[in-house]
Amino acid sequence: MNGLYLHVPFCEKKCTYCDFYSIESTGLIDRFVQTLCKEIEIRCASLTVPRTENTNGIPSQIGKTLVPFHANTIFFGGGTPSLLSGTQLEKIISTLKDHVDIDPNAEWTMECNPGTISEKSLSDYRAAGINRVSFGIQSFAQPELDFLTRIHSIQEALDAIPTARAAGFTNINADLMFALPPQTVASLEHSLQTLIDLQPDHISAYSLVYEPGTPLHAQLGKGLVVPHNEEFDAEMYHIVMHTLQQAGYEQYEVSNFARPGKQCAHNLMYWHGHDYLAFGPSAHGLVNTERYWNHRSLSTWQAKVDAGELPQANTENLSHNEQAIEYAFLHVRSDGLPFSTFQQRFGLDLQTMLQPHLQHWIDADFVTINNGVLRLTFEGYRVCDEISLKIIQSITK
Amino acid sequence: MQHFRNFCIIAHIDHGKSTLADRLLETTGTVTAREMTNNQILDDNPLEQERGITIKLHAIQMAYKAQDGEQYTLNLIDTPGHVDFSYEVSRSLSACEGALLVVDATQGVEAQTISNLFMAIEQGLEIIPVINKIDLPSAVTTIDNVKRQVMDLIGCKEEDMILASAKTGIGIEEILEAVVKKIPPPTGDPEAPLRALIYDSIFDPYRGVIVNIRVFEGTIKEKDKIRFINTEQEYELDEVGVMGMQRVRTKSLSAGNVGYITAAIRKLQDTKVGDTVTHAARPCERAIEGFREVKPMVFSGIYPADSDDFEDLREALGKLTLNDAAITFEPETSNALGFGFRCGFLGLLHMEIVQERLEREFNQVIVTTVPNVRYKVLTTKDEVLWVDNPSQLPNLSAISEIQEPFIKAQIITPTEYIGTIMKLCMERRGTMLGQSYLSADRVDLTFELPLGEVVFDFYDKLKSNTRGYASLDYDLADYQTGDLVRMDILLNGEPVDALSSIVHRQKAHDWGKKLCIKLKELIPRQMFEIAIQASIGAKVVARESISAIRKNVIAKCYGGDISRKRKLLEKQKAGKKRMKQVGRVEIPQEAFLAVLSID
């Protein structure tokens with residue numbers, strides 16, 4: 001289970017809370033698509049492993065075949081990938097298919113802004129091979145959308161999912177946000193119910209994060225925005241988890257909920273520590289134990305690719321210990337940490353090492369342990385990072 | 001022998017003792033000005049230089065050609081400058097025939113100086129008063145007052161006092177001449193049975209213990225078989241010499257001289273300060289008077305921050321005792337801190353020095369508990385127990401009486417602070433024994449105080465409440481019965497032994513409340529609510545609670561976030577290094593010293 005991530009760094013208008021790399025110069029998209037396709041070629045060439053084939057006992061250069069990277073999930077993120085035209089998307093997808101061994105049943109996700117789609121564009125995406133769309137709906141309350149500086153209206157938010165269904169999509173995600181300063185319990189419940197009524201297959205519900213470097217963070221610093229207190233944030237989180245569970249969505253990560261069988265394969269691929277190639281400015285990839293990240297600026301990224309180089313800004317090679325830490329905290333925050341697999345991979349008997357904590361956690365209903373898998377409960381997700389920290393402490397002791 | 005002079009310098013911290021010593025070395029040519037780059041040569045431990053105090057004793061021999069044309073050998077014996085080390089001071093004084101009393105022209109006499117001075121007078125030393133720092137502009141207004149204080153104190157005449165500035169060199173010749181003229185030469189018979197005093201010993205990793213001695217009678221030579229009378233140890237000497245800037249081998253030392261001996265002695269404990277050295281074959285009739293076993297007065301638990309480092313800590317403490325024989329340590333266990341050591345110190349400063357040395361010189365990461373004194377407990381079965389760890393105190397029902405050590409404290413202060421000091425001492429259950437005016441604006445106050453109340457932060461309080469003007473000296477007086485109880489701290493109902501303390505019953509409620517509030521400040525919020533209780537026996541006297549963390553989780557963690565997220569968690573983990581887990585509560589190490597920071 002490996003993945004591909006493609007970052008489309010364009011937005012009609014940047015949202016004040018967003019810390020992903022994105023610019024508003026949408027006129028550069030065509031050029032970007034060309035460069036992205038070239039990056040795919042360069043990256044894949046750097047990765048494929050030559051295998052010498054022996055013809056009649058004579059090693060032959062010509063006889064070398066390349067084993068391409070195999071992928072089961074592809075994710076177009078951004079930015080606003082739905083600013084791509086059907087033609088641009090087709091070009092990217094055909095380049096991918098030329099250089100990557102893509103599973104015929106792969107999950108192809110595309111993030112879409114409810115304000116930049118039409119039934120036509122969605123049909124084009126569907127025709128190009130996209131089989132999962134993810135809408136950044138965030139809220140059904142106008143003051144909250146205004147606060148987030150989203151470009152879409154409530155009506156567009158309401159229309160997005162039915163439009164996608166009409167265009168043939170059967171796997172649809174919607175993002176929702178909570179702990180927004182203008183939000184009340186009532187408005188959160190309204191947004192949740194409205195969304196549930198639209199029957200998306202998957203819901204990502206995020207607590208607002210004040211990311212350093214964003215305009216929102218600057219407003220916070222100036223006292224122009226007053227965040228909710230921790231208590232209220234926790235209460236809203238509880239409402240989200242509880243309501244979605246009641247509506248038949250299973251939580252499989254801190255912020256992710258799905259109808260049975262509709263979990264996002266791409267998300268799980270990240271959390272289960274599989275390899276993924278990444279393309280586009282600022283994108284992060286992981287191959288074996290090496291993580292790389294591309295230049296963040298579009299022009300630098302473009303210049304590197306134009307020069308025929310990998311446009312990566314840096315890499316880090318994960319030590320055994322770092323791999324163990326990532327494995328542990330990513331599994332804890334998603335669908336559970338299997339102790340025996342952990343022990344096989346990292347040689348550490350975590351269940352024994354965590355002994356001073358485990359019973360306290362179970363007693364407080366933060367975790368359950370079933371079949372040797374430690375999983376967070378509702379109560380546990382709330383303090384996920386505290387628990388992760390204890391586990392990391394045990395690993396690195 | 002007529003040309004030997006053995007003397008020391010009595011001075012308060014910062015009154016210029018070390019600078020004066022340096023100047024004497026320089027003037028006598030023992031050390032050149034060029035070698036003086038790192039000033040204050042006698043304090044060669046970096047910690048000593050930083051704190052401006054002398055912990056270990058040194059001696060140095062100087063050659064001086066006096067105005068009478070004769071060549072003299074001057075032995076300057078350094079004394080430690082802190083209240084914790086008063087026994088060592090008394091021993092080094094007894095190695096001398098005279099002392100320079102150095103008083104800062106702008107500061108006047110301090111408590112420490114007085115107690116050391118009286119000790120010197122008692123031992124019959126010739127006192128040469130020196131008023132130092134006369135070059136300071138402010139000395140003009142204070143010097144007459146200071147002179148009067150000194151005259152009152154030792155009954156000398158104005159012309160007996162030497163006005164000096166060790167910094168600029170004023171009066172240094174005069175001091176050297178006075179040492180030669182006024183301090184009597186040592187007496188003693190080089191042919192008599194050997195009788196020498198150990199006034200200090202240091203550990204050298206290559207030679208073993210180097211013993212510093214003053215020979216009173218007889219002659220000591222290399223290859224001699226000697227005996228330490230009190231420890232009853234016998235050794236054959238390797239090396240005998242005197243201390244110049246380095247050790248100078250002289251092969252023998254005779255009555256009246258000061259020098260060192262080595263003899264493949266492995267343990268500092270075998271060479272106790274104050275012990276007498278004599279020949280095994282021809283021993284002297286009696287030991288030199290005044291020997292005392294130095295006993296620790298303040299105790300504290302020292303634990304490795306990480307329990308895996310217990311053996312490392314044991315080794316570090318072992319090495320530390322090689323050159324500090326006053327530390328005691330015994331293994332102990334605590335439910336909160338695991339395996340560690342109960343350590344005994346001469347006083348609070350000594351404790352701080354040991355802790356710092358463990359961290360700096362031995363790279364130990366340690367958790368220390370609140371210091372306490374040693375209690376004498378009489379049980380209902382008429383047994384006597386000595387308790388130096390509050391959690392070891394028996395149940396109330398088994399105790400018939402608890403006695404605690406009292407000290408006699410001498411505090412010298414400008415008169416304007418009398419009220420403040422009275423209040424402080426009363427709060428600490430002190431009783432005033434007397435007061436005498438040193439001058440119109442300086443007073444010498446004597447209090448009796450429980451040592452247990454002084455080991456907390458008495459000295460710091462005294463200093464801060466008097467803007468640093470008051471000075472303190474103390475001596476252990478006796479044990480007295482007190483209405484004492486053990487106060488336990490419970491976190492979520494579980495007692496944390498390392499936080500137990502022994503307090504006076506009348507102060508227990510107030511104390512418990514303050515301690516709970518302090519712990520609430522120091523213990524970070526955790527996943528669980530934490531109840532903090534202070535109890536005496538089964539009775540809870542104070543309580544506080546720390547609310548639980550309600551939410552701590554980063555919402556997003558996708559491909560580009562993982563590395564950043566991991567680093568964030570690793571950073572948070574590093575910040576939590578010194579937490580100790582008790583039950584499900586994690587306690588930061590500062591919390592174990594919470595008592596020290598209570599107002």
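Bear in mind these aren't lab numbers, they're just calculated from the coordinates by the rules spelled out. Since the structure is predicted, the reported quantities are computational estimates derived from the model, not experimental observations. We place every Cβ from the backbone using ideal geometry, glycine too, and count neighbours over all the protein chains shown.
If you average the alpha carbon positions of segment B:188-215 and of segment B:432-456, how far apart do those two centres end up, in angstrom? The two parts, judged by their Cα centres, are 37 Å apart. The overall shape of segment A:175-215, judged from the alpha-carbon gyration tensor, is oblate: a/c is not under 1.5, and a/b is no greater than b/c.
The Kirkwood radius of chain B, taken over pairs of alpha-carbon atoms, gives through the Stokes-Einstein law at 4 °C and 1.567 mPa s a diffusion coefficient of 49 µm² s⁻¹.
Here the scattering of segment A:320-396 is modelled by Debye summation over its C-alpha atoms, one equal scatterer each and no solvent; at q = 0.12, 0.18, 0.19, 0.20 Å⁻¹ the log10 of I(q)/I(0) is -0.26, -0.62, -0.70, -0.78.
Put a plus charge on the Cβ of each Lys and Arg, a minus charge on the Cβ of each Asp and Glu, and nothing anywhere else: the dipole of segment A:320-396 about its Cα centre is then about 120 debye. Across A:Asn105, A:Asn317, A:Asn256, mean-square fluctuation computed from a Gaussian network of chain A (C-alpha pairs under 10 Å connected) peaks at A:Asn105. With the simple spin-label model, which puts each label point 7 Å out from Cα in the Cβ direction, the A:Glu250 to B:Gln572 separation comes to 2.7 nm. The simple Förster model, with R0 at 41 Å and r as the Cβ-Cβ distance, assigns B:Ile598 and B:Lys267 a FRET efficiency of 0.55. For segment B:248-337, the set of trypsin sites (Lys or Arg not before Pro) satisfying both a DSSP loop assignment and a count of at most 12 other C-beta atoms within 10 Å is given as B:Lys251, B:Arg266, B:Arg286, B:Arg292. Taking only the C-alpha atoms of segment A:189-287, the Rg (one decimal) and the largest Cα-Cα distance, Dmax (whole number), read 16.7, 45 Å. The simple Förster model, with R0 at 60 Å and r as the Cβ-Cβ distance, assigns B:Lys556 and B:Met1 a FRET efficiency of 0.10.
Sorting the segments B:560-569, A:215-224 by their residues' average number of neighbouring beta-carbon atoms within 10 angstrom, most packed first, yields B:560-569, A:215-224.
In chain B, Cα pairs under 8 Å separated by at least six residues give a relative contact order of 10 percent. Our estimate of slack between A:Glu290 and A:Ala218, defined as 0.36 nm per intervening residue step minus the Cα-Cα distance, is 22.5 nm.
Other protein chain C-beta atoms within 10 Å of residue C-beta, averaged over A:326-334: 2. D by Stokes-Einstein for segment B:479-568, Kirkwood Rh over Cα pairs, 37 °C, 0.692 mPa s: 213 µm²/s. For the protein assembly as shown, the percent of C-alpha pairs falling in each 10 Å distance bin, counted from 0 to the bin holding the largest distance, reads 2, 9, 15, 15, 13, 11, 10, 10, 8, 5, 2, 0. Computed across segment B:125-221, the Kirkwood radius stands at 16.9 Å (inverse of mean 1/r, all Cα pairs).
In this simple spin-label approximation, B:Lys223 and A:Thr149 carry label points 7 Å from Cα along the Cα→Cβ vector, and these lie 9.5 nm apart.
Entry note, segment A:320-396: relative contact order of 38 percent, from Cα contacts under 8 Å with a spacing of 6+ residues.
The label-point distance for A:Ser118 and A:Asp98, in a model that sets each label 7 Å from Cα toward Cβ, rounds to 3.0 nm. Under the rule a/c < 1.5 gives rounded, and otherwise a/b versus b/c splits prolate from oblate, where does chain A land using the Cα gyration tensor? Here chain A falls in the oblate category. Taking GluC sites (Glu not before Pro) in DSSP loop conformation with at most 16 other Cβ atoms inside 10 Å as exposed sites, chain B has its longest uninterrupted site-free stretch at B:384-528.
Over chain A, with a Gaussian network built from C-alpha contacts below 10 Å, which listed residue (A:Ser22, A:Ser46, A:Ser94) shows the highest mean-square fluctuation? Fluctuation is largest for A:Ser46. Take every pair of alpha-carbon atoms less than 8 Å apart whose residues are at least six positions apart; their mean separation over the length of segment A:256-344 yields a relative contact order of 22 percent.
Applying 1/(1 + (r/R0)^6) with R0 = 60 Å to the Cβ-Cβ distance of B:Thr431 and A:Ile239, what FRET efficiency is obtained, to the nearest 0.05? Taking R0 as 60 Å, the efficiency between B:Thr431 and A:Ile239 is 0.40.
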